[in-house]
Amino acid sequence: YEYIVIDDCWQVGRDAQGCIIPDSAHFPNGMKALADYVHSKGLKFGLYSCAGSKTCQGRPGSRGFQFQDARQYAEWGVDYLKYDWCSNEGQNARAAYKTMSDALKACGRPIVFSICEWGENEPWKWGKGIGHLWRITPDIRDCFDCTFNWGGVGVLQILDKAVDLADAAGPGHWNDLEMLEIGNGNQTETEYRSHMAIWCMMAAPLMAGNDLRRMNPGDRDILCNPEALAINQDSLGRSGFKYMSLNNVDILVRALSDGDVAFLFLNRANEPTTLDYDWNANTVYHYSLENGRFYVAKEPRVLVDVWGKQKNGTTKKPLKTILEPHEGLFFRVKKSEKPTL
């Protein structure tokens, strides 16, 4: 969690030279002073703009001012730009985002470029080389399994889209599953753990979307779990894939750089579900796995429970349990630690 990113409504207009004007009531010392302060804390600073003439909240967008805005961001010390898609006035999305991408590349400062057009124009097909991450769905809502007629989606809906698009992502060009809702209060702790596990399995950028000042210890433990973060940040950069579904339980698998493999057993149902998974009876085949497969029948491995709710076990015995509604069992299967036979 390196970046502090200010979303819409920080800007109020443009001056006679076309330079964007911050809201002096909320940012009395200006954006450079704020960026300097953020940098002094060892963090990085991000801002929001829009490819249209207006932002989603009706503030000035960057259309027609892309290179001027990019130079101004660089002068302020901006490290990250979220670029939205409201008031786009029928522009070609790829061209609009490439214009701002070119402006950022020419501004003299490295700035992470977040493409936020909600997946409407399939940015996973053209975003690599233009942006560093791209949204794949409408805005997330603080619910595990839901849809809204005005565009919001829940965790499961984002998971299903991310699984379909897993091959589009990789180091430097990520599928953006949206900000995390952990700590916003409308899901259970079990659901928030599953939410975090899904984002980690799919190699999604992690952005906390809650009020950090009022975060309870349980939410902090989820967001800061070292095993979960290690899986999310794994240097191989492979997204997970869906191996199979058993009785409403999705089994997600992710290859890791050291030969370890992450597994998530996710109960999609609204009621408890029985899980009976025999490690030895299943060989997982996928191009991302070491030697193209995961096979433990002749070479048992150690299981590390990411959430620490179970004692570390092995793959010698089947995994038998009852999963609570929307519960996810999250494991790192170690290659380097073999149990005694």
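Assuming Val296 fulfils every condition listed in (1) surrounded by 14 or more Cβ atoms within 10 Å (Cβ to Cβ); (2) within 26 Å of Ala166 (Cα to Cα); (3) under 29 Å from the mean Cα position of the chain (by Cα) apart from one, which condition is it?
Only one criterion in (1) surrounded by 14 or more Cβ atoms within 10 Å (Cβ to Cβ); (2) within 26 Å of Ala166 (Cα to Cα); (3) under 29 Å from the mean Cα position of the chain (by Cα) is unmet by Val296, namely (3).
Of the residues in the stretch 104-114, how many are without any contact (Cβ under 8 Å) to a residue 40 or more places away in the chain and closer than 18 Å to Gly172 by Cα?
Within the stretch 104-114, residues that are without any contact (Cβ under 8 Å) to a residue 40 or more places away in the chain and closer than 18 Å to Gly172 by Cα number 5.
Testing Thr137 on (1) more than 25 Å from Leu256 (Cα to Cα); (2) assigned to a helix (DSSP H, G or I); (3) β-branched (Val, Ile, Thr), one condition comes back false. Which one is that?
If we test Thr137 against (1) more than 25 Å from Leu256 (Cα to Cα); (2) assigned to a helix (DSSP H, G or I); (3) β-branched (Val, Ile, Thr), just (2) comes out false.
Taking the condition crowded, with 18+ Cβ neighbours inside 10 Å, modelled with pLDDT of 95 or more and of a type outside the set (S, T, N, Q), does Tyr37 pass? Break it down stepwise before answering.
On the way: crowded, with 18+ Cβ neighbours inside 10 Å: no; modelled with pLDDT of 95 or more: yes; of a type outside the set (S, T, N, Q): yes.
For Tyr37, the condition - crowded, with 18+ Cβ neighbours inside 10 Å, modelled with pLDDT of 95 or more and of a type outside the set (S, T, N, Q) - is not met.
Among Asp250, Asp260, Asp221, which is among the acidic types (Asp, Glu), more than 20 Å from Cys143 (Cβ to Cβ) and not assigned by TED's automatic domain parsing to the domain that holds Asp164?
Answer to the check: Asp260.
Could you go through the stretch 144-166 and let me know if any residue there is touching a residue at least 24 places away in the same chain (Cβ under 8 Å), more than 27 Å from Asp305 (Cβ to Cβ) and not in a helix (DSSP H, G or I).
For the stretch 144-166, residues touching a residue at least 24 places away in the same chain (Cβ under 8 Å), more than 27 Å from Asp305 (Cβ to Cβ) and not in a helix (DSSP H, G or I): present.
Give just the number: which of (1) more than 24 Å from the chain's Cα centre (by Cα); (2) among the polar types (S, T, N, Q); (3) surrounded by fewer than 19 Cβ atoms within 10 Å (Cβ to Cβ) does Gln57 not satisfy?
Among (1) more than 24 Å from the chain's Cα centre (by Cα); (2) among the polar types (S, T, N, Q); (3) surrounded by fewer than 19 Cβ atoms within 10 Å (Cβ to Cβ), the lone unmet condition for Gln57 is (1).
Looking at Gly259 and the list (1) out of contact with any Phe, Trp or Tyr (no Cβ under 9 Å at 6 or more places or on another chain); (2) farther than 12 Å from Arg332 by Cα, which single condition is not satisfied?
Answer for Gly259: the failing condition is (2).
Have a look at Gly152, Gly183 and point out the one that is modelled with pLDDT under 95 and assigned by TED's automatic domain parsing to the domain that holds Ser53.
None of the others qualify; the one that does is Gly152.
Between Tyr3, Tyr73, Tyr37, which is hydroxyl-bearing (Ser, Thr, Tyr), out of contact with any strand residue (DSSP E or B) (no Cβ under 8 Å at 6 or more places or on another chain) and over 21 Å from Gly119 (Cβ atoms)?
Tyr37
Could you say whether any residue in the stretch 49-60 is more than 29 Å from Ala95 (Cα to Cα), part of a loop (DSSP other than H, G, I, E, B) and assigned by TED's automatic domain parsing to the domain that holds Asn210? If you could, list the steps in order and put the result at the bottom.
Applying the first criterion (more than 29 Å from Ala95 (Cα to Cα)) to the stretch 49-60 yields none.
There is no residue in the stretch 49-60 that is more than 29 Å from Ala95 (Cα to Cα), part of a loop (DSSP other than H, G, I, E, B) and assigned by TED's automatic domain parsing to the domain that holds Asn210.
Cβ-Cβ distance below 8 Å, separation of 6 or more or different chains: which pairs start in the stretch 322-333 with a residue that is on the phi > 0 side of the Ramachandran plot and end on one that is surrounded by fewer than 23 Cβ atoms within 10 Å (Cβ to Cβ) and of a type in the set (S, T, N, Q)?
His326/Thr188; His326/Thr190; His326/Asn270
List the residue pairs whose Cβ atoms are under 8 Å apart, where the first residue sits in the stretch 87-103 and is outside the structural domain of Ala51 (by TED's automatic domain parsing), the second is surrounded by fewer than 18 Cβ atoms within 10 Å (Cβ to Cβ), and the two are 6 or more positions apart or on different chains.
Correct list of pairs: empty, since none qualify.
Looking only at the stretch 81-137, filter to residues that are among the hydroxyl-bearing types (Ser, Thr, Tyr) and over 23 Å from Val163 (Cα atoms); which one of those is surrounded by the fewest Cβ atoms within 10 Å (Cβ to Cβ)? Give the derivation first.
The first filter runs over the stretch 81-137 and keeps only residues among the hydroxyl-bearing types (Ser, Thr, Tyr), leaving 83, 87, 97, 99, 101, 114, 137.
Now narrow it down to the ones that are over 23 Å from Val163 (Cα atoms): 83, 87, 97, 99, 101.
Numbers: Tyr83: 23, Ser87: 16, Tyr97: 25, Thr99: 19, Ser101: 23.
Step by step, filter the stretch 81-137, then rank; the result is Ser87.
So how many residues does the stretch 191-208 have that are touching a Gly at 6+ places or on another chain (Cβ under 8 Å) and either closer than 14 Å to Ser239 by Cβ or surrounded by fewer than 24 Cβ atoms within 10 Å (Cβ to Cβ) (or both)?
Quick first cut of the stretch 191-208, residues touching a Gly at 6+ places or on another chain (Cβ under 8 Å) only: 192-194, 197-198, 201-203, 208.
Next, from what is left, pick out any that are either closer than 14 Å to Ser239 by Cβ or surrounded by fewer than 24 Cβ atoms within 10 Å (Cβ to Cβ) (or both): 197-198, 201-203, 208.
Number satisfying all stated conditions: 6.
Give the number of residues within the stretch 188-233 that are within 14 Å of Phe263 (Cα to Cα), free of Cβ contacts under 8 Å to residues at least 60 places away in the same chain and of a type in the set (Asp, Glu).
0
The values are calculated or read from the model by the stated rules, or taken from the named source; none is laboratory data. No experiment lies behind these values; they were computed from the predicted model shown. Positions of Cβ are backbone-derived with ideal geometry, glycine not excepted, and every protein chain shown enters the neighbour counts.
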